[in-house]
Structures are given as C-alpha cells and as structure tokens.
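Trainee: Shown below is the structure under consideration.
The values are calculated or read from the model by the stated rules, or taken from the named source; none is laboratory data. If you're wondering where the values come from, they're calculated on a predicted model, not measured in any experiment. Note that we place each Cβ from the backbone using ideal geometry, even for glycine, and neighbour counts take in every protein chain shown. Protein only, heavy atoms only, side chains kept; ligands, DNA and RNA dropped before computing areas. Shrake-Rupley method; radii C 1.70, N 1.55, O 1.52, S 1.80 Å.
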Amino acid sequence: MVQLEYVRKFILKDVNLHIPEGMAVGLIGESGAGKTTLLKLVSGLLLPDAGRVSTMGHDPGRYRKRYGRAFSAYFTGIPLLEHQDTVKSGYEGIASVYQMAPSVFAREYSMLTERLGFGGYQNQPVKALSLGQRARVELGAALLYRPHLLVLDEPTVGLDQEAKQALRDLLKERVEQGMTLLISSHDMNEVSHLCSRIGLLHKGNLEFYGDQEQLHWQYHSFHTMQMRVLGPLPDLGDIPFQQYQIEGDRLTLVYSSNYITSGEILRQIMGQTSITELVIRKADLGQVILRHSKEFLE
C-alpha cells in the first residue's frame, strides 16, 4: 500500500518503509524527528529530494488527485472544509466532489455527527468553531467517504477525552474493516491501542519499525516489580537487577526482561521468603520514546 525506498527530504535520511494493505502503523518520535515530513511525502504534498515514494502503486506527487475516494489525509493547519461554509454544507461539498450517492452520504453524515458529537453546531460556519469543535468536524470530513488509506498527523490535538475515545473507536472499526492507517501522534495511548506496527523516528532516521513487543525488547525492556514480603528479606545477589529499594517489608526491583524473567525472579525470592502483595509493571510507549530520546541526547 505504501513504500518508501531510500527517501531523503529535509531531515529525513534514506528512509525505507513498507506498509502492507490493511495495516495500522503509528509513527512516534520527538518533535522535529521528521514525522510530518514523512506523512506529507506519502500524501503527495511534498516531493522527495532523493529516493522513491509509492502510495497505492503510484507516485503520490503526480497521481494524488487520481486517488479519489481511495485516499484521505488530515493535517493540522490544512483545512478540509472552507471556513465560510457551514459544517453541513462543507460535508455536502465533499460528497459532491467524491460523487457519493445521496443515501450513502446521509447515512455516513448522520453516523459521524452522532459519533463525533458535532450535530449541535452543524449549521454554524466553520470559521466560528472552537479549536476542539473544528478538529471534530475536520476529522469527520477525512472519514466521510471511507477511504482505503487514511493518513493522520497528530489527530488528537484539540480534542477532549470524549472525542479522543470516539475517534479511537471509529478508527479501530475502520482498520478491522480493512482500511490502511498511517498515524503520527504524541498520544502514546492512541498509538498503542490502534497500531499493530510502530515506526520510531529520531533526527530523520527510522530507528525502528516493527511490533510493540519488539520495540519494548529493543529499547525499553525494563520492568518494575513491587512486592510486600512476610518473613526475612531475600538475598538478591543472584538477580541481575538494575536497581532496588527496600522500605520496611516492601521491596521494589527494576530489571531487564532481556536478561531475566519475572517468573525466574519470583522463584528465587519465594524460595527464601513469602510474598503477600505483588505488582509488576511494564513500561508504556511514552516511557519507551522518552528513554530512547534521552539516550541519543546524552
């Protein structure tokens, strides 16, 4: 569905990326890593300085207008609706451009107004809407004609928690129905819930591309184990931990799952004392990217 081969543009350096049809891919990385540039290349809004970009089998810079209803994109600052139009008339204009049947448009528009919650201001001019309201209607416009490939750049900016959840549910449903999704976001919950593959950009380099388990293993395999013991404190000499803390009968261990499993740690400790409480936490994607960025900056 999407192919980048040794692509260079601005900060991007020899990026290679393949996204199969029906895949949901999340781009993460610090600000300025090249995420928006990559999405604009895929969308045909930018042309590469070197390398090749293929979107749905074509050069997106030349064939972007021919994709029709197969492709849609959302970028903050690039409106899909005319500011002087009302929300409803703007949607009707999109339906006309993409030749949606009136019954199909009516069904999809009704569903989006309900799910994204903009029915109460559908007759207001777009220019009169707040940032959050405009984000809801613009995202709905990107989804209106059910594209095969959807590109989203920081779609949750300006959305409240209710709208974020509604968008997440909609996107998840569309991906399950076969839509290909490429999304960049600083909202790690968004990425982790939606995407089966993650691309990690750092200073223009695609440092990682794979599933979330691989990302954790490669960049942040550290887990935290907290427990309360009943009896003597255990001897930790044979456990390859990164750090530990003892407060009374409470013990906290930080360890790498690349070197020892939680089961192995528990067997060693339970052979010496009793455990009355246990909590094991894995790092989330936000911690992964934060740690990764710091490692490159140090």
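Trainee: Provide the net charge surrounding Val15, with neighbours chosen by a C-beta distance below 14 Å and charges set as Lys +1, Arg +1, Asp -1, Glu -1.
Mentor: It works out to a net charge of +3.
Trainee: Give the value in nm², to one decimal: projected area of the alpha carbon convex hull of the range 155-227, averaged over all directions.
Mentor: 6.9 nm²
Trainee: What's the local net charge at Leu47, with K and R +1, D and E -1, over the other residues with C-beta under 10 Å away?
Mentor: That sum, taken over residues with Cβ under 10 Å, equals +1.
Trainee: Of all accessible surface on the range 1-42 at a 1.4 Å probe, what whole percent is carbon and sulfur?
Mentor: Carbon and sulfur together cover 48 percent of it.
Trainee: Related question: What GluC sites (Glu not before Pro) in the range 120-180 are in a loop by DSSP, with at most 11 other Cβ atoms within 10 Å of the Cβ?
Mentor: Within the range 120-180, no GluC sites (Glu not before Pro) qualify (loop, at most 11 other Cβ atoms within 10 Å).
Trainee: Would you mind checking the tilt of helix 285-297 against the longest principal axis of the Cα atoms of the chain, expressed as 0 to 90 degrees and rounded to 10?
Mentor: 80 degrees
Trainee: Going by Cα centres, the range 1-63 and the range 205-282 are how many Å apart?
Mentor: 39 Å
Trainee: Nearest 10 degrees is fine. How inclined is helix 102-116 to the longest principal axis of the chain, computing both from alpha carbons?
Mentor: 40 degrees
Trainee: Further question on the same structure: Using a 1.4 angstrom probe with every protein chain in place, what is the largest-first accessible-area order of Asp238, Asp14?
Mentor: The residues order as Asp238, Asp14, largest area first.
Trainee: DSSP loop (so not H, G, I, E, B), at most 16 other Cβ within 10 Å: list which trypsin sites (Lys or Arg not before Pro) in the range 120-226 pass both filters.
Mentor: Here the sparse-neighbourhood loop sites are Lys203.
Trainee: Compute the projected area of the convex hull of the Cα atoms of the range 62-219, averaged over all viewing directions, and report it in nm² to one decimal place.
Mentor: 10.3 nm²
Trainee: Sticking with this one: Of Lys9/Lys40; Lys127/Lys164; Lys9/Lys203, which pairs sit farther than 20 Å apart, going by alpha carbon to alpha carbon?
Mentor: With Cα atoms farther than 20 Å apart: Lys127/Lys164.
Trainee: For the Cα atoms of the chain, what angle does the longest principal axis make with the long axis of helix 161-176, in degrees from 0 to 90, nearest 10?
Mentor: Long axis of 161-176 versus the principal axis of the chain: about 80 degrees.
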